[in-house]
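In what follows, a single structure is set out as structure tokens and then discussed.
The values are calculated or read from the model by the stated rules, or taken from the named source; none is laboratory data. Small disclaimer: the values here were computed from a predicted structure and weren't measured. Here the Cβ positions follow ideal geometry from the backbone for every residue, glycine too, while neighbour counts run over all protein chains shown. Remember, those area values only see protein heavy atoms, side chains included, never the ligands or the DNA or RNA. Shrake-Rupley method; radii C 1.70, N 1.55, O 1.52, S 1.80 Å.
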Amino acid sequence: MNNRRQFIERCALTSFGLSVLPNLSNGQEGASGFGSAKRIIFLNAQGGMSHIDTFDPKEGSVKGPGETISTSADFQVTEYLKETAKIADQISVIRTMTSKIGVHGPATYFMRTAYAQRATVKHPNLGAWAEHYLGASHDTLPSSACINNGPRHGNGFFPPSYSPIPILDPESGLQNIKSRDGSDALKKKLDLAQELSTGFLGRYPDSNVKAYQEFYDNSIRLLRSEDLAAFDLTQEPQKVREQYGSNKFGQGCLLARRLVEAGIRYVEVSGGNWDMHQNLEAEMEEVSPPFDRAYATLITDLKERGLLDSTLVVLATEFGRKSQYDGGGRGHYPICFSTALAGAGIKRGFVYGESDKRGEWGDKPVTIGDFHATIGHAAGIPLEQPYISASGRPFVVGDKSGKPVMELFA
Amino acid sequence: MDTIKLIPLILLFFATNLEAQEDRKNARLPKWPNPDTVVKLPEIGNAPQVEVSTELWLPSTSVQKAAAMIDKQIMAGLAHENLKPNPASSDTVFVRRIYLDAAGRIPTAEETRVFLDDSSRDKRAQLIDELLVSDGYRSHQFNWLADMLRHQTSMGLRRYANYERWLKDQIALNRKWNEVVSDLLTAEGTLASNGPTGYLLRDPAMPLDNLANTLTIFLGANVSCAQCHDHPFAEWSQKDFYQMAAFFGGTYVSDRDPRKIANQLENELHSKRQVGTAVAQNMYAVFPEIEQKLTYPEDYFYNNANPGSKVDPSFISWEAEGNQRPPDFDTSNVEGLRDSFATWLTHSENPRFAVAVANRLWKRAFGIAVQEPIEDLDNLERASNPALLRELGNIMVLLKFDLREFQRIMFNTQAYQAEANITPPIGEIDEYLFAGPVLRRMTSEQTWDSILALSVGTEVDAIKTDYSHRVTRFDFPYDLMTMDAIEGVLGKMADADYWGSGKSRRNQQFPEADLASGPMPSFSSGKGFLIRASELPQPAEPFHFLRMFGQSPRLLPDDGSREGSIPQALMLMNGPVHDLLAGRNSVLMSAVDQHEKRGAKIEELYFSFFGRAPSEVEADRIDQVMDEGMSLSDLVWTLYNMPEFIFVQ
């Protein structure tokens, strides 16, 4: 069995273009930006943000309802990003993102993992990758969190304990953290539960049961953590809470800042309803202001706290939207769209790649694999060192074809 | 009954170009109003309740025969790999499993004992039959369907309660799957007038997404790539996808924005939102168009069609299936486009329709499907046991798509009734050969419903909500929707204090109009109404127990999750579950209190949580810790925090 597995590994690695032993000279250590991101906030604009109406404004027949405005940097955005325009000199925009999938579910999965969805394997998000290579980021808090969304197998093929802790409602934070009784009484009950479970656990050495036990252990550790207050937004001054905006995305961004500050390495925040098929103008007016405000506030806040240089803020979305616009909505368009990176060694006020006049094709396409490899590089993950899954298949951050976009690093 | 003379307001709704008006005139609906028409206002109330049909038509000998045929295929598959089936599960394991799989919750201690004490030979088959005609079956089956169909009770101003009521009724009536699916695909009218329109109106303005999901859910067709480009592996090309989509290209799925109209109708009596809600349920509608209008996208990449040209509807065929290819249909009649599509899709000779739903139900009962993933059946030979999958498809067809009879057969197999295995490693899941079902965590809904049964008792099964009146009350005839009609209904509703603020209503009694049948639900301040998951608004609020335990947010098909998480553990350890189970009003605790002796109390708890008596060692140990001062309430906590509670053997 073992031999068979080793054989598969070798075959897989060879066909993969990788050597069996990690080739250290190929690592990015020493390269610019490597390891500059001690923390990562991954913002996910749900539904497919229209690049033409946000970060990649166009003129002529494809132009959307919003006017083009100038920013504090050398590039322009639309008026839907008024606040972002003020901090444009802090961020890098990628205008030539490209994906293959135009359906929300699989496309979101792809953007989140850089792998196409499969039945036989679940792929991890970047937080789990980082935990695998870099270890836990804190001794009592989890290493990743996801806000406004479930964990969605974020651990992928890594242990379930690498799964992000889900906060479905940032206002409520982490619930049920007050234990009914003192730690001695709690321990007594837990010990008894463990003891009475001996028979069951012996009969079923099941991975899901083990995972369940681990969540209990982690919960107990968390309950005893002095940093538990990180989950509590009420500890923020009212003014700061208002600055981020009184909505799930805004408060989610604020919570993300608190969590990375407390030592959680990787935090995903989902939000917005960017799937504007029918009435783009009205929907942009509704969806963009809270986003714009939260995003700009997050960047400013991190900067003021001296955290931006070591925190990577990723703005992602599953795809862009079509160029055709007749006053109604826009359809899905994965071939060319925009994302943004900020902080942690990323250039400031920079645009990578240009799309054509209609925003349909990019001159220097950045695949989702490249995007992930870039983030992985910033996080200090050895990109060329594969992880061999239980079934003997090698996996790397950004899939095998993803290469970091080095031009993005200052 | 109020009657109102109507003043047409239709120009507000259809201030579009004359050409489009001309088109619609010729279509069946909507017609132009006659200003003199007098119309009755819709009733404010629910349709009469539909009881769960109790008719199981397949003779039990046939059930056993079909179950044996399935077992034969499983044995052959196992034998081929030199594997043996698991031994039969014990009655205690079986009773808990079948209650969860057929009725959606664990059995109470009493129900378990009744089964264990029953000495008849065919008691398992009898219990299966009993549970399949229970209210629990209706509820459990709805949870499955709602997850698959991404059902939400409301989205924006759209209300899907009439649709939800219709779905539940179809389950209660045990309508055949092909008929249900056919209705979903062909229904016409508005959200207010016709429940099943809710399926196409789930995604107004996103017909391509809707179709991709239709093909995935009902046929296991992996088309998520073909929507934008040729599928790299499967046979689906982008052209295939568009040709299929063209069957819906003769359909007008209204996606107009009701807020615009609400802005114009708003007055001091009724808010914009109230008017918008009344209008929305009528504006979102499905109607036939005069012609098929779908065109290839402007950025169409391949040279087998011209970008922007009209698509000819055509069914995909599966070459690999050879003569199993579904029959061709004449698609020249444009008005019948969706009808032809539905006929083709649900046809018993369509090699994929029966297999897809059988494979799904199998996964629910066994934890793993015969072919994984359930959303990609493009090559049926990739099943772990292709002969078994074919057999399941054949049985489904023979049963004429009766999902309940199918489950009845499945639950009667030796394979289902065998001892459970642990979850295979992730890379081997698609090779699992069903020596028995797989150990799994209860779904979110099963967990919640089980806790309720312990806390408020089994009468919770009978509490049925029905919010459909909140939608059907707005059922103005589409072509007669007028200012006065809207005013009239809104006035009636204001009189009935319908629009009370959401918050205060929540703390008041459950609005009686929302109850279809059963006793009044109890209310817990921490958890809201104590009714089964299927009767709560869909999906539950993000911070509800159900969502925390993985209820699907209903954005994607089949997105419910059994993953653990820290918040779940915290919920069980510190959350209101303890009050529900060990609190003063708990049905469980009053049953425990009936017993004098400590040993009997412990046994009652063990039967309630695990469906079995404690072993001698367990009983002694508990006795000991209680001597040392552990309270009964702490023991309850300990038991439901054990994996044996939340996992299904």
Under Karplus coefficients 6.51, -1.76 and 1.60, residue-wise ³J(HN,Hα) of the stretch A:177-188 in Hz, glycine/proline x: 9, 8, 6, 6, 9, x, 5, 5, 4, 4, 4, 4
Probe 1.4 Å, protein heavy atoms only - accessible area per residue of the stretch B:530-569 in square angstrom: 25 Å²
Three-way shape label, the stretch A:113-153, alpha-carbon gyration tensor, a/c 1.5: oblate
Ellipsoid semi-axes in whole angstrom, largest first, where each is sqrt(5λ) of the Cα gyration tensor of the stretch B:323-453: 31, 18, 14
The stretch A:49-179: radius of gyration and largest Cα-Cα distance (Dmax), Å: 19.1, 61
Kirkwood-Stokes translational diffusion coefficient of the stretch B:578-649, alpha-carbon pairs, 4 °C, 1.567 mPa s, µm²/s: 104 µm²/s
Column: log10 I(q)/I(0), Debye, Cα scatterers of the stretch B:523-649, q = 0.12, 0.19, 0.22 Å⁻¹: -0.55, -1.15, -1.38
Using alpha-carbon coordinates, inclination of helix A:207-223 to the longest axis of chain A, degrees: 80 degrees
Simple label model, 7 Å out from Cα along Cβ direction - residue A:221 to residue A:410, nm: 3.5 nm
Two-decimal ratio, the stretch A:203-360, of alpha-carbon radius of gyration to 2.2 N^0.38 Å: 1.31
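Using a Förster distance of 60 angstrom, determine the FRET efficiency expected from the C-beta separation of residue A:348 and residue B:364, and round it to 0.05.
Using R0 = 60 Å, I get an efficiency of 0.70.
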Whole-angstrom Cα spans of the stretch A:272-312 along principal axes, big to small: 42, 14, 10
Scattering curve values for chain A, log₁₀ I(q)/I(0), Debye with Cα scatterers, q = 0.06 Å⁻¹: -0.25
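For the stretch B:114-209, what is the convex hull volume of the alpha-carbon atoms per residue, in Å³? Can you show the working numbers first?
Details: hull volume 11.4 nm³, N = 96.
Dividing the Cα hull volume of the stretch B:114-209 by its residue count gives 119 Å³.
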Under 13 Å from residue A:86, Cα to Cα: aspartates and glutamates that are on another chain or at least 8 residues apart: A:74, A:292
Label-point gap, in nm, between residue B:394 and residue A:232 - each point 7 angstrom along Cα→Cβ: 6.5 nm
Considering only the protein assembly as shown, percent of DSSP beta bridges that pair antiparallel, nearest 5: 55 percent
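On average, how much area does the Cα convex hull of the stretch B:46-95 cover when viewed from any direction, in nm²? List each step's numbers first, then the result.
On the way: hull surface 26.8 nm².
That works out to 6.7 nm².
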Accessible surface buried upon A-B contact (total; probe 1.4 Å; Å², nearest 100): 5800 Å²
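How big is the equivalent ellipsoid of the stretch B:157-219 along its three axes, where each semi-axis is √(5λ) from the Cα gyration tensor, reported in whole Å from largest to smallest? Before the final figure, lay out the partial values.
On the way: eigenvalues 65, 53, 15 Å².
The answer is 18, 16, 9 Å, longest axis first.
Would you mind estimating how fast the stretch B:538-588 diffuses translationally, via Stokes-Einstein at 37 °C and 0.692 mPa s with the Kirkwood radius over Cα pairs, in µm²/s?
Values: Rh = 12.2 Å.
Here the translational diffusion coefficient equals 270 µm²/s.
Within the set of other residues whose C-beta is less than 15 Å from the C-beta of residue B:375, count the net charge using Lys and Arg as +1 and Asp and Glu as -1. Working shown, then result.
On the way: positive: A:118, A:122, B:150, B:352, B:360, B:363, B:364, B:382; negative: B:147, B:209, B:372, B:376, B:378, B:430, B:558, B:559.
Residues close to residue B:375 contribute a combined charge of 0.
Averaged per residue, what accessible surface does the stretch A:227-330 expose to a 1.4 Å probe, in Å²?
On the way: 3450 Å² over 104 residues.
Per residue, the stretch A:227-330 has an accessible area of 33 Å².
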Nitroxide proxy distance, nm - points 7 Å out along Cα→Cβ at residue B:155 and residue A:242: 3.6 nm
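Taking only the Cα atoms of the stretch A:112-251, how large is their convex hull per residue, in Å³? Write out the running numbers ahead of the final one.
Numbers: hull volume 20.1 nm³, N = 140.
Convex hull of Cα atoms, per residue: 143 Å³.
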Viscosity 1.306 mPa s, temperature 10 °C, Stokes-Einstein D of the stretch A:250-323 from Kirkwood C-alpha radius, µm²/s: 116 µm²/s
Cα centroid of the stretch B:411-459 to Cα centroid of the stretch B:623-639, whole Å: 29 Å
Surface share of carbon and sulfur [accessible, 1.4 angstrom probe, percent] for the stretch B:381-425: 51 percent
More than 42 Å apart - percent of Cα-Cα pairs taken over the protein assembly as shown: 41 percent
